[in-house]
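Below is one structure, written out as structure tokens; the observations come after it.
The values are calculated or read from the model by the stated rules, or taken from the named source; none is laboratory data. What you see is a predicted model; the values in this text were computed from it and never measured. Note: ideal-geometry Cβ built from the backbone for every residue, glycine included; neighbour counts use all protein chains shown. What goes into the accessible areas is simple: the full protein's heavy atoms, side chains included, and nothing from ligands, DNA or RNA. Shrake-Rupley method; radii C 1.70, N 1.55, O 1.52, S 1.80 Å.
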Amino acid sequence: MRTDIFARLDREPEPPKIEIPRMSRHRIALFGGTLAFYLAIVVAVLVSSWLVALDWKVMLFRPYQQWPGLHAFLDYYVVLGQRGPTAVMVASWLGWRSWRQHTLRPLLTLGASLLLLNVTVGAVKLGLGRLGPHYATQIGSAELFAGGDIFPSGHTANAVVTWGILAYLATTPRARRYLSALSAFVSLGVGLTTVYIGTHWLSDVLLGWAAGLLILLALPWFEPLITRTEVWILSVREQWRARRRLQAAAPVAPDSPSPVLLPQSLSTLGPEPAERAEGCDSALDVPAAGGHTGAGNRARAHPPHAVRSERTPITPAGSRRPPHADRTPRGGTTPAHPVTGGSVAP
């Protein structure tokens, strides 16, 4: 018997009406506050303020040595912040949602958020070039512009975006609250795990949280572009389907059989032997239906003989019997012997 739980897994008959988030005043205020926090962290690291000193204290404390029993578990937990595995997991879920709801918006929103993440976070990483704790060269230094790429933390920002996009795309307020709490817990744990392992400074994690939150808060500004992209993709799909239907419905004209040249029989040559003899070689060279050219080669090696009907008969001019003096040729008026009872000429 079918239950309501399995019924919810079916595809909906038509696309549901989903309310798209807008840039409200509350969201704009959060975006402005997060941006100010982001800039404050960058400035604090640039001037080597108390935040850099706190980074060194935490690093020298070596949390992985204080609680070694957590290391095995946290090595796996930090994978929730890696871009590849998390993108595959979240894209699988959103792909099913796109199929069920007849819309490409979930996948397009995920793609737009990951693109913004790579551009913004990657640019700051390469621009500041900060080294990680394991590669630090001078105690108390910010280790900036040294060829590194850890500021801000990519694991933390990626965890905020990939898990927070589930809350952003939630269709009910209740699901949005639960998913927001879950994404905050996961991203917070991933950031602290990188500090525990020693791959990031504490300021890297703080900036990673701010960078990921800025992307989630700015997504409503990109909703019109996402909508236009979805409309364009669906129109291209419909055009492709229409062309396929026209090709399937169009009648296919039967192919006319191509003429096959077969070697002519020697007994069927007509009254023009000269013309047929000239074209004989080319006709015999063409392979028959089976694709063999042996008949043409044999005909070229042994030229055909003229049949008897083509020869000019030679008839002798006179009679073939020798002439006799006592015989009268046939067709004469005087018989060779007198008729009985008749008169005899003197």
Which condition number does Pro133 fail, the rest of (1) in contact with a Ser or Thr (Cβ under 8 Å, 6 or more places away or on another chain); (2) more than 24 Å from Val78 (Cβ to Cβ) being met? (2)
Residue list for segment 136-182, restricted to those being under 15 Å from Tyr77 (Cβ atoms) and surrounded by fewer than 24 Cβ atoms within 10 Å (Cβ to Cβ): Leu182
Go over the candidates Leu104, Leu126 one by one and state the one that is open to solvent by 20 Å² or more (accessible area, probe 1.4 Å), farther than 25 Å from Phe185 by Cβ, among the aliphatic types (A, V, I, L, M) and touching a residue at least 60 places away in the same chain (Cβ under 8 Å). Leu104
Restricting the search to segment 219-229, which residues are open to solvent by less than 30 Å² (accessible area, probe 1.4 Å) and over 28 Å from Ala44 (Cβ atoms)? Pro220, Glu223, Ile226
From the options Gly95, Gly69, residue that is assigned to a helix (DSSP H, G or I) and either touching a helix residue (DSSP H, G or I) at 6+ places or on another chain (Cβ under 7 Å) or within 19 Å of Leu206 (Cβ to Cβ) (or both): Gly95
Does Tyr77 meet the test of being over 17 Å from Ile215 (Cβ atoms) and either of a type outside the set (A, V, I, L, M, F, W, C) or open to solvent by 40 Å² or more (accessible area, probe 1.4 Å) (or both)? yes
Determine if segment 51-70 includes at least one residue that is out of contact with any Ser or Thr (no Cβ under 9 Å at 6 or more places or on another chain), among the aromatic types (Phe, Trp, Tyr), open to solvent by 40 Å² or more (accessible area, probe 1.4 Å) and in contact (Cβ under 8 Å) with a residue 24 or more places away in the chain. yes
Just the residues that are open to solvent by 60 Å² or more (accessible area, probe 1.4 Å) and either closer than 30 Å to His102 by Cβ or touching a residue at least 40 places away in the same chain (Cβ under 8 Å) (or both), please, taken from segment 13-42. Pro13, Glu14, Pro15, Lys17, Glu19, Ile20, Arg22, Leu30, Leu35, Phe37
Residues of segment 1-25 satisfying the condition of being over 28 Å from Leu104 (Cβ atoms) and either of a type outside the set (A, V, I, L, M, F, W, C) or modelled with pLDDT of 90 or more (or both): Arg2, Thr3, Arg25
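Looking at segment 197-218 only, could you name the residues that are surrounded by fewer than 20 Cβ atoms within 10 Å (Cβ to Cβ) and either free of Cβ contacts under 8 Å to residues at least 24 places away in the same chain or of a type outside the set (Val, Ile, Thr) (or both)?
Of all residues in segment 197-218, those surrounded by fewer than 20 Cβ atoms within 10 Å (Cβ to Cβ) come to 197-199, 218.
Answer for segment 197-218, where residues must be surrounded by fewer than 20 Cβ atoms within 10 Å (Cβ to Cβ) and either free of Cβ contacts under 8 Å to residues at least 24 places away in the same chain or of a type outside the set (Val, Ile, Thr) (or both): Gly198, Ala218.
Name the residue that is nearest to the chain's Cα centre (by Cα), counting only residues in segment 135-159 that are assigned to a helix (DSSP H, G or I) and farther than 16 Å from Ile197 by Cα. Step through it out loud before you land on a result.
First, the residues of segment 135-159 that are assigned to a helix (DSSP H, G or I): 135, 154-159.
Retained after the next criterion (residues that are farther than 16 Å from Ile197 by Cα): 157-159.
Values: Ala157: 31, Asn158: 27, Ala159: 29 Å.
So, considering only residues that are assigned to a helix (DSSP H, G or I) and farther than 16 Å from Ile197 by Cα, the one nearest to the chain's Cα centre (by Cα) is Asn158.
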Since Ala181 meets every condition but one in (1) in contact (Cβ under 8 Å) with a residue 12 or more places away in the chain; (2) in a helix (DSSP H, G or I), which condition does it not meet? (1)
Among Gly148, Gly154, Gly164, the single one that is small (Gly, Ala, Ser) and under 12 Å from Val90 (Cβ atoms) is Gly164
Working only within segment 72-85, note down all residues that are of a type outside the set (Gly, Ala, Ser), under 36 Å from the mean Cα position of the chain (by Cα) and part of a helix (DSSP H, G or I). Asp75, Tyr76, Tyr77, Val78, Val79, Leu80, Arg83, Pro85
